[in-house]
Structures are given as structure tokens and as C-alpha cells.
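The values are calculated or read from the model by the stated rules, or taken from the named source; none is laboratory data. Treat the numbers as computed from the prediction; the structure is a model and nothing was measured. All Cβ positions, glycine included, derive from the backbone under ideal geometry; neighbour counts span all protein chains shown. The accessibility values were calculated without ligands, DNA or RNA, using every heavy atom of the protein model including side chains. Shrake-Rupley method; radii C 1.70, N 1.55, O 1.52, S 1.80 Å.
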Amino acid sequence: MRRPDDRWARAGDRHWRGGAMLATGCAALFGATSLLVDWDAGTLSPPRALLWLGLSAALFIVLLPARVTAGTGWLAVRGPWRRQMVRTDALTTVWRYDGVSPRLVLRDAYGHRLELDPRVLAANPLIWHELDTGVRRSVAHGTLLHGGDVLDRLGRDIDGETARAVLKASGLS
């Protein structure tokens, strides 16, 4: 299956850059503080400096949010180590796991699997629109066997949240 390039993406997570900047700032602050405290204590050595820099890099990787992009018929999530992609017009199953870290799991007819935070869809209407359009095509083609109700509930939640935001912005709530 051909992987689309991000430049062909019609929709991307508009909050990703802010999350990446926050991850960079936190990792840089941690690294600088660790090096300064170690230097002030008089125990800074090249191996310890490498340790602090390595821990700062690990913190950056942990805090860096996954980059979600979508286009006509596809949805992709790129993390620091791997890229997941599904064809939204050939989805077979959809699951939603709620809890501390809610996850939406999509699987397509080609065997590809993708996990993403459903809050990304709520915060990015264009990504939600691309996914919803692809799901409608999957239903029309008869490939979506399980999870249509999950996406219907998610759509209602997103629509309700959008309506509340519009009412709040207009001063009616």
C-alpha cells in the first residue's frame, strides 16, 4: 500500500506544533537545570553530562505528541518511532477504549492498525471530517463490520462539544 506523504495531507493536527514546542521546552529546561545543579555541586563530569543529556532526550521523546494527518481515504499517525496508517474508506473494525488515556483503534481491510487519542478528532474538525467521510465509504462498500456505533457515539460527542463551544463563543451559554 502506498504511503501518502504529509504534504498531500488535507488535514493535520493544528495543536501538534504547540505540543512539540512544549515537549522541547520541558526537555531543555530539565537538561539545563540538571546540568546547572550538577555543576554547582561540583560533581559534573563528561559521563554525567551525557547522562543528563540522554535523560533530557528521553523526556522529549516521551512528551512529544503523535502527529495526526488525514487525506482523502486515509488517516496517519506518526510517533517518534513508527508511523501507522489506515485506509478510512476500507475500515473493517473500530474500537474505543476509555479510561485514563482514551484510545480509538481502527483496522482496515489491508491489515493495517492505527491507534489515536479521540480528543485529537474533537480538536480538529477537518481530521474528523476526513475520517467520517471515509467511514461512510466503508459502510457503503460493506467493509465496516464492527464499530459503526462507536463512531456514531463519537460523532455525537464531537458535535455536542462543537455546539457548546459555538454557544460559549457567542455568549449564549
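For the chain, the longest stretch holding no chymotrypsin sites (Phe, Trp or Tyr not before Pro) located in a DSSP loop with at most 13 other Cβ atoms within 10 Å is which?
The answer is 1-80.
As I understand it, the value is the acute angle between the Cα axis of helix 148-170 and the longest principal axis of the Cα atoms of the chain; what does it come to in degrees, rounded to 10?
Result, in degrees: 70.
Once the Cα atoms of helix 16-41 and of the chain are each reduced to a long axis, what angle between those two axes, in degrees from 0 to 90 to the nearest 10, is obtained?
On a 0 to 90 degree scale, this one is about 20.
When the dipole is taken about the Cα centre of the chain, and only Lys, Arg (+1) and Asp, Glu (-1) are charged at their Cβ, what size is it in debye, to the nearest 20?
420 debye
At a probe radius of 1.4 Å, what is the per-residue accessible area of L126, in Å² to the nearest 10?
Taking all protein chains as shown, L126 has close to 120 Å².
Label R96 and H15 with points 7 Å out from Cα along Cα→Cβ: what is the distance between them in nm?
1.7 nm
For L55 and L145 in the same chain, what is the full-extension length gain: residue separation times 0.36 nm, less their Cα-Cα distance, in nm?
28.0 nm is the gain from fully extending L55 to L145.
Compute the long axis of helix 125-141 from its Cα atoms, compare it with the longest principal axis of the Cα atoms of the chain, and write down the angle in degrees, 0 to 90, nearest 10.
40 degrees
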